[in-house]
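Quick note: the coordinates plus some simple rules give every number you see, no bench work behind them. Fair warning: this is a prediction, and the values are worked out from it, not measured in the lab.
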Amino acid sequence: MRTPMIAGNWKLHKTLAESSALVRELMPAVAANQVVEIVVAPVFTALDKVAEAIAGSNIKLAAQNCYSQPQGAFTGEVSPPLLKDVGCQYVIIGHSERRQLFGESDELINSKAHALAKTGLGSILCIGETLDEREADQMFDVLRRQVRLGLKNLSAEQMAGVVIAYEPVWAIGTGKTASDAQAQEAHAFIRALLTELYDKPTANATRILYGGSVKPDNVDNLMSQPDVDGALVGGASLKAEDFARIVNFQTTT
Ligand code: PGA
C-alpha cells in the first residue's frame, strides 16, 4: 500500500516569523496523524527556521526548486546537497510556474531529478496540461512527454525516491479543481505509463499526488479515488487550519 502524502507548497509567501508561526500552529493540529506523510515547502530563506521548528515532529521539509549541480559558478542557484544539509527530504521540481514563468524544459527538470537521486533526496515531479492542451485533446500526449522526459534514465530503484504530482495548470490557483473523475483518469493514465516505462511493482509503489485548488471541502472525494495518493496544496497550505483539515482527510470509500 502507498503511504498518502499531503505536501504544502507555500510558493513565494511568508516571512521567517510567519513561516515559523504557521508550522507552530500546524504541528499540534496534525500531531495525531500517523497515516499521512506530511510535507511543507517554504521559501529557501525560511528552510532553516522551519527545520528547527518541526524537529522531532511528524512534518517533513521540502524545497520548491533546486539546481542540478552540487556546487560551482552558478550564481543564484541552490543545490541538492545544500538542501539536504538544511534538513530537506524532498524537493519539488518542474512545477508549472517554473516551466511557464522561468522557461524550464523537461531536460532541465530531468537533470534535477538525477541530481536529487544522487544526493539521496526525494523528488516531487510536477506535470500537467494547460487548458489549451486539454481542449485540443493533447492532455495524454503532454503527460506522456513530461513523464518520459522528466524520468529519463532514472532506474526503477531510483523511482523509490520519486513522487509524481499531477497538477492540471488550469486548476492551479484558480479555484477550479479537476473533478474526481478527471483526476482519477489522469492518475490511472500516469500509472499505466509507469508500468510501460518500468514495471508493475514500480508503478504500484509510486505515489501520484493531485494538485490544483485542493481545499478542505474537496480533498475527501479526491482522496477516495483509487489512484490519487495525496495532494500538493498551494493556497490552502498557507492557513494551518485548512492544511490540517486536508492532512486529516476522510476517504469516503
Ligand atoms: P493551489 O496550488 O492549491 O493554490 O491551486 C497548487 C500548486 O501550485 O502546487
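Quick notes on this structure:
- Sequence-distant contacts, meaning Cα pairs under 8 Å at least 6 residues apart, place the relative contact order of the chain at 21 percent.
- Contact order relative to length of region 48-144, as percent, for alpha carbon pairs under 8 angstrom and 6 or more apart: 26
- Subset of LYS11/LYS84; LYS176/LYS200; LYS49/LYS215; LYS84/LYS200; LYS49/LYS239; LYS60/LYS176 violating a 23 Å alpha-carbon distance limit: LYS176/LYS200; LYS49/LYS215; LYS84/LYS200; LYS60/LYS176
- Largest-first principal axis extents of the Cα set of region 105-253 (Å): 39, 37, 28
- A quarter of the convex hull surface defined by the alpha-carbon atoms of the chain gives 12.6 nm² as the mean projection.
- Value of relative contact order over region 187-253, rounded to a whole percent, pairs C-alpha under 8 Å and six or more apart: 32
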